[in-house]
Each structure stands twice: as C-alpha cells, then as structure tokens.
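Derivation of every value follows stated rules applied to the coordinates shown; laboratory data play no part. Small disclaimer: the values here were computed from a predicted structure and weren't measured. Glycine also receives a Cβ, built like all others from the backbone with ideal geometry; neighbour counts cover every protein chain displayed.
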Amino acid sequence: MSETIDWQTLSEVEKIKHDSNFLRGTLTESLADPVTGAIASNDTQISKFHGIYQQSNRDLDKERKLQKLEPEYSFLIRVRMPGGMVTPEQWLNMDSLADKYANVSLKLTTRQTFQLHGVLKKNLKSTIHKINESLLDTISACGDVNRNVMCHANPAESPFHPEVIDLAKKIGSHFLPETKAYHEIWLDKKLVAGSKTVEPFYGDRYLPRKFKIGIIIPPSNDCDVFSQDLGFIAIIEKGKIAGYNVVVGGGLGSTFGIPETYPRAGDVIGFCKPEQVVDVAEKVVAVQRDKGNRKDRKVARLKYTIDRLGLDWFQTELEKYLGYSPGKARPFKITHTGDSYGWKKGTDNKWHLTCFVEGGRVKNSNGKKMKDALRDVAQITDGHFILTGNQNVIFAGVSEIIKPKINAVLKKHNVSPESLSGLRKNSIACVALPTCPLAFAEAERYLPTLVSKIENMLEKHNLLKEDIVIRMTGCPNGCGRPYLAEIGLIGKSTGHYNLYLGGSFEGDRLNNLYRENISEEKILKELQPLIEDFATTRKNGERFGDFVIRKKYVKEIKEGKEFRH
Ligand code: SRM
Ligand code: SF4
C-alpha cells in the first residue's frame, strides 16, 4: 500500500498515523524506557488518539535547561465522556486519581469532560487502568478522530435532555476507532498475533484532523453549536423532538500571521429526522475524511474544506454520500450561550444545581474548598453529575431530601453559589500556562483577576449584574471559544492580549479585533469608555456585543474569511 502513497504531498503526521499499526506506534517501548520521562517523538502524535498529551511544566523549563536537565515531562489525560455525564462513583474515582497521580486538581474542560494534568510516565498506565475500571475511558478524546460529543447539559432546562444525551452517546460510540491498540497497551488485553485491526470507517490514516460534534436544545446554545465541525440543533414540535437542523463548518482555531487560517461560525444546511442523525453525522465526517486537506494541518479542518470547495459543493457531495437530501432547515430561536446557575426543578421533579467552577479548575484554594466540596457531594448525592461545555458542573437528579444536605456541604467548604457578577458567570478561560505548550500568555490563572478589575468598572455604572460573555485564551487556537465572546482576549505575548469585541450573546456571531497586543493597563483603559458609553447610550435590553457593533466600535464579521488578527 505504502508504495502508492506519495508522502511528499502529505503532512508528516499522515505517515506517522499510517506507520503506527493502527495506533500502536512504539508506545509500549516508550513507556518501558527508564532513561527519559518522555515518550518517542512519533508516539507523542499517536498517544493523542489514546487521550494523552505529553507536556512539560513551563514554569520550570528555563531553570531546568540552565541545570542541563531535560524538561519536567508529564502527561495530560483527557477522558471521553459524551454529554458530560458522570456517576458519583466515577467522580470519586477521578478525584482520587487527581490526588494520587496528577496535580491534585481536576480540570473541567470546554467539551464537558475531565482532564488530569501532571501525570508522570511511570503512572500513565495505572491511571488509565483506573479510569477504565470505573467504566470511563480516554480513547479518541484527542487525535484525528471524532472527539468527545457535546450536548445540552441542563436537565432542568429541557425535558428532552435524556434524549439528546443518549444521542450524544450513540454518536460517540459510532465513531470509536476499532483498533484494539488501546486495550492492549493500557489494559493489558492480549495482542492477537499478526492480526491487524481494520478500521472500516477511518482507514489507516484516520481523519485529516480532529473532528467535533455538538448538539443543542434551543433556546440554549450552551455548547456553542456554531463552533462545532458538525452541530445539531434540536427542533421541538408538538412536544417532542421532530428532528435536528444540521450545522456544518464551525471551528475556531487559527494562527497569528497566517491569514489563511481563521475562526468560522458554522452554516445551517438542512434538517434531519432523529433516526437519520447518526447517518448524517457519518456521511459529513466521511466527506471530510475523503476531501479534507492532508497536506497542511493548519488548513485541514472541515471549515476549510467547505470554504475551499464551496458550501454548494459540500451539500451536493453530502447528498451523494447520503443518497437523499436532508430536509429544509426549520425555524429555531437561540437566546443565550453559557449556563444558568442555581437550583432548578426539572420536569422529572428532581432538583438540579448548576455550580460555577472558575476556569473549570476543581481545587482547594484561598479558603474555598471546591475539590473537597464536590467530593463530599459525590458521597451524599442520590443523583449524578453533568459537566457543562462552559467548564461548570451540575449536580443533577437530586431529591428534595438530599438538596439541603448538598447546600450544607457547599456552605461548609465555603463554595455556596454566591451572587456572581454577570461578567464572571459568563467567563471562560482555557488552561494555557503552565501546562499548555502552545500558550503565549496566561489565561486560567489570570482571567479571575482581570474580571475583578472589570467588575469594579461595571459596578460604578450599575452593570454588575449585566450578563456579558468574556473569554480568554493563551493563544489563538481558541480552546475557550473566545472568538464567539462579546469580549474576547487572546494571548499574544507574556502579559499582552489582543482584544476582540462584538460576538453575540447567543453565540452565533464572531467577534472582531479591536486592539492588538495590549497589557492589562491598556485593556482596562480601552474598556472603560466603552462600558461608560454602554451604560448611558445602550438601547433597552441591548447586549454589549450588539451595542459595540451598532456604535461602530468594531465592524460586524459576517463570515470567517473576513476575520483578521
Ligand atoms: Fe484545545 C490544542 C486544551 C477545547 C482548539 N487544546 C490543545 C492542547 C491539547 C495543546 C496541544 O495541542 O498541545 C491544549 C492542552 C492544554 C492543557 O494543558 O490542558 C488544549 N482545548 C483544551 C481544553 C482543555 C481547554 C479548556 O480549558 O477547557 C479543551 C479540551 C476540550 C475537550 O475536552 O476535548 C479544549 N480546543 C478546544 C476548543 C473548544 C471546543 O472544542 O469546544 C477549541 C476550538 C474549537 C475548534 O476546535 O475549532 C480548541 N485546541 C484547539 C486547537 C486549534 C485547532 C485548529 O483547528 O486549529 C489546538 C491546536 C491544534 O489542534 O493544533 C488545540
Ligand atoms: Fe493552549 Fe492555546 Fe488552547 Fe489555551 S487556546 S489551551 S493556550 S492551545
């Protein structure tokens, strides 16, 4: 086979995938190598498909280099958990793994799952083993495959929540790789001699790039459906889900200095019935598998395939793959992104509490013992946990009797849902430093401080309760979905950020660059007059993101291709 492939025309990762014997690579040898805390370079690509990224502690990199030591290598482990649903037992297991093998914290990600940071090579296998023992896994949480499928998180907001979570799980399972490499390497399942697994769907080079799917139930857009490669918008008619509008070509990653890369909001291209969703998903991914760019990974996501070949072309191609045409998209109305906090009673008569977890970092700090609180809740709840796409957690399905007990636990650990400002409630920060190798600046460790400073300005203008979406990332890859925020901040260099304005509160419009490479002092100075103007001249009910466009602080971005850093 390999003789017929002209590797010169493909990115080097294509060959690494192809030569990996269906995601085995030399991972077993890498794990056994006692000389280094790292794994072999090619294995760092393959490990991603197993939910594992090699990292180093960037706070220490310089010092260790001076001491002629190799970087302090450790690993990020990401769990695959469609729809973010976790049992209390699974929570307790992740909590104890964080203490035993990771950096004593849990990271709740923007795709409704857990990450452990700081796991040493020697502990990787035990950690993955334990995760699997609790009936979770990490396969295809990363890599050039379909990633963790997101779906609407809050059972109290929609009686259709169980239906979409089932769908998210179904789509997730449908796209699981068939290779047994994961089971052999991490779970010591026997190698079947000479048997190469066949990947009937993915083939031996998998997808050209990562692929992301999310499902929303309007009016909530809590998983930013327009940021997904493929999104489904539930259409409720006559008290049931009549089907789903199909959204394609969202994606946020981009690179400074490469104008061919840009964030793009997805296009609504049609409607399908509930029983057609998996087929539609399969065929959309198949078109991308076959027509996506395998030469340049920077422009390999579905959004670029669509812009390169045209949306009309894509629709025609999809219909060919499907053998039928999706129906005409149906009307829907979105009113917000983000989560709504506090206790709510669902139509299931159970209570559901959405808790804000700043930056998604579950830890004990500054007298607020979030990690202890969540562990104690897991010990007493008669419901389950749901991670949201905004790095928060929901205690779902709680009975009337247990509700006050949970309140008492939160109070004891000083993490009772306080009255948060509208800005903080709507904040997201990606991990960035010290673990992310791609970060140019802080995000998770810094945004809370910046938010406090902006809150002071908002308070002066009586806007403390105003919901404004603010999102920060340490680089332009967009992990905190900053391009869809009303205020977006993207790290450019240490302590400096690009400031973007004008995303919509509903999450259906990209923002636009307002100021470049500015420090905190300048950020506050730039925001001050805008907030003042907003307080005095906004129209009744007007959102901040709409206001800055109406007042021409920034031009509205109509399509991704117009976007510039
Ligand atoms: Fe991300 C890469 C963290 C959601 C776009 N992302 C990374 C890596 C793995 C860095 C790396 O490649 O070495 C980061 C690990 C940092 C660390 O130390 O933990 C990282 N991404 C995250 C998380 C943990 C951010 C968070 O604070 O929650 C999110 C994990 C989600 C999950 O559970 O699967 C996360 N990443 C996203 C999102 C948002 C989303 O999916 O809803 C995006 C934008 C949407 C999109 O994909 O277009 C996103 N991450 C990227 C990109 C840019 C991809 C592109 O198309 O160019 C990269 C870099 C890459 O792939 O080359 C990246
Ligand atoms: Fe790292 Fe950049 Fe993603 Fe933040 S946005 S986690 S800095 S890759």
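So how strong a dipole does the range 422-521 carry about its Cα centre when Lys and Arg Cβ are +1 and Asp and Glu Cβ are -1, to the nearest 20 debye? If you can, show how the numbers build up before the last one.
Details: 11 positive and 12 negative charges, 19 e Å.
Charge dipole of the range 422-521: 80 debye, to the nearest 20.
With unit charges on the beta carbons (Lys and Arg positive, Asp and Glu negative) and the dipole taken about the Cα centre of the chain, which residue among 365, 557, 394 sits farthest to the positive side?
365
222 nm [θ] for the chain, helices only, -39500 (n - 2.57) per DSSP H run of 4+, per residue, to 500?
-9000 deg cm²/dmol
Which lysines, on any chain, are close to residue 17 with Cα under 18 Å apart, when same-chain ones fewer than 8 places away are left out?
Within reach: 48, 180, 196, 210, 291, 295, 298.
Amide H to amide H under 5 Å from residue 361: which residues, 5+ apart in sequence or cross-chain, H placed 1.01 Å off N in plane?
108
Could you point to the residue in 321, 341, 331 farthest towards the positive end of the range 229-349's charge dipole, with +1 and -1 charges on the Cβ of Lys/Arg and Asp/Glu respectively?
Result: 341, furthest along the dipole toward the positive end.
If I model a spin label as a point 7 Å beyond the Cα along the Cα-Cβ vector, how far apart are those points for residue 528 and residue 199 in nm?
Here the modelled spin labels are 5.4 nm apart.
By how many nm would the segment from residue 242 to residue 290 lengthen if fully extended, with 0.36 nm per residue of separation less the alpha-carbon distance? Present the calculation step by step, with values, prior to reporting the outcome.
Numbers: separation 48, 0.36 × 48 = 17.28 nm, distance 3.07 nm.
Difference between extended and current length: 14.2 nm.
Using the 10 angstrom Cβ neighbour count as an exposure proxy, how do 268, 548, 35, 451 rank, fewest first?
Ascending number of Cβ neighbours within 10 Å: 35, 268, 451, 548.
Label residue 540 and residue 92 with points 7 Å out from Cα along Cα→Cβ: what is the distance between them in nm?
Label-label distance for residue 540 and residue 92, simple model: 5.4 nm.
Just to confirm a number: summing +1 for Lys and Arg and -1 for Asp and Glu over residues other than residue 495 whose beta-carbon lies under 9 angstrom from that of residue 495, what do you get?
-2
FRET efficiency for residue 405 and residue 309, Cβ-Cβ distance as r, R0 = 56 Å, nearest 0.05?
0.50
Report the Cys residues of the chain lacking a disulfide-compatible partner, meaning no second Cys Cβ under 4.7 Å from their Cβ.
So far as the 4.7 Å Cβ criterion goes, 142, 151, 223, 272, 355, 436, 475 stand without a partner in the chain.
Using the alpha carbons of the chain, what is the convex hull volume per residue in cubic angstrom, as a whole number?
Roughly 159 Å³ of hull volume per residue.
Any of 170/412; 169/240; 363/405 with alpha carbons more than 28 Å apart? Name them for me.
Among 170/412; 169/240; 363/405, the Cα-Cα distance tops 28 Å for 170/412.
Express in nm, to one decimal, how much length is gained between residue 15 and residue 325 on full extension, taking 0.36 nm for each residue of separation and deducting their alpha carbon distance. Mind dumping the intermediate values first?
Numbers: separation 310, 0.36 × 310 = 111.60 nm, distance 3.56 nm.
In short, 108.0 nm is gained.
Can you find, among 69, 35, 56, the residue sitting farthest towards the positive end of the charge dipole of the range 1-84, where Lys and Arg contribute +1 and Asp and Glu -1 at Cβ?
Of 69, 35, 56, it is 56.
Hey, how many Å between the Cα centroid of the range 493-565 and the Cα centroid of the range 363-392?
Using only Cα atoms, the two centres lie 33 Å from each other.
How far is it, in nm, from the label point at residue 166 to the one at residue 4 when both lie 7 Å from their Cα along the line to the Cβ?
4.2
Set the Förster distance to 41 Å, then compute FRET efficiency between residue 297 and residue 419 from the Cβ-Cβ distance, nearest 0.05. Don't skip to the end; give the middle numbers.
Working: r = 45 Å, r/R0 = 1.09.
It comes to 0.35.
Using the Cα centre as the reference, give the magnitude of the dipole from point charges on the C-beta atoms of the chain (Lys, Arg: +1; Asp, Glu: -1; all else neutral), rounded to the nearest 20 debye.
520
Using a/c under 1.5 as the rounded threshold, could you call the range 141-269 rounded, prolate or oblate? The axes a ≥ b ≥ c are square roots of the C-alpha gyration tensor eigenvalues, and prolate needs a/b larger than b/c, oblate otherwise. Display every interim value, and only then the final one.
Working: a/c = 2.57, a/b = 1.40, b/c = 1.84.
Note, shape of the range 141-269 comes out oblate.
So how much slack lies between residue 368 and residue 125, counting 0.36 nm per residue of separation and subtracting their Cα-Cα distance, in nm? It would help to have the intermediate numbers written out before the result.
Numbers: separation 243, 0.36 × 243 = 87.48 nm, distance 3.20 nm.
Residue separation times 0.36 nm, minus the Cα-Cα distance, leaves 84.3 nm.
Given H placed 1.01 Å from N in the peptide plane, which residues other than close sequence neighbours of residue 393 have an amide H under 5 Å from its amide H?
355, 357, 388
About the Cα centre, and with charges only on the beta carbon of Lys, Arg (+1) and Asp, Glu (-1), how big is the dipole of the range 83-206? Nearest 20 debye, please.
Approximately 480 debye in magnitude.
Residue by residue through the range 418-435, what is 3J(HN,Hα) from phi via Karplus (6.51 cos²θ - 1.76 cosθ + 1.60, θ = phi - 60°)? Round to whole Hz and write x for glycine and proline.
Each residue of the range 418-435 in turn: 7, 7, 7, 6, x, 6, 5, 4, 9, 9, 9, 10, 6, 4, 6, 6, x, 8 Hz.
In what sequence do 105, 254, 365 fall when counting other Cβ within 10 Å, fewest first?
Values: 105 20, 254 23, 365 11.
In increasing order of surrounding Cβ atoms, one gets 365, 105, 254.
Which shape class applies to the range 522-565: rounded if a/c is under 1.5, otherwise prolate when a/b exceeds b/c and oblate if not, where a ≥ b ≥ c are the square roots of the Cα gyration tensor eigenvalues?
Oblate shape, in that a/c is at least 1.5 and b/c is the bigger or equal ratio.
Estimate the FRET efficiency between residue 104 and residue 316 by the formula 1/(1 + (r/R0)^6), using the beta-carbon distance for r and 51 Å for R0, to the nearest 0.05.
Between residue 104 and residue 316 the formula returns 0.45.
Taking amide H positions as placed 1.01 Å from N in the peptide plane, with prolines and chain starts having none, which residues 5 or more places from residue 269, or on another chain, fall under 5 Å of its amide H?
For residue 269, the qualifying residues are 246, 247, 248.
Can you list the HN-Hα couplings for the range 30-40, worked out from phi with the Karplus curve (6.51, -1.76, 1.60; θ = phi - 60°), rounded to whole Hz and with x for Gly and Pro?
Each residue's phi maps through the Karplus curve to give 4, 5, 7, 6, x, 6, 10, x, 9, 10, 4 Hz.
Within the range 52-121, list the trypsin sites (Lys or Arg not before Pro) lying in a DSSP loop whose Cβ has at most 11 other Cβ atoms in a 10 Å radius.
When the trypsin sites (Lys or Arg not before Pro) of the range 52-121 are filtered for loop state and at most 11 Cβ neighbours within 10 Å, 68 remain.
Among 227, 11, which comes first, second and so on when ranked by fewest other beta-carbon atoms within 10 Å?
Listing 227, 11 from fewest to most nearby Cβ atoms yields 11, 227.
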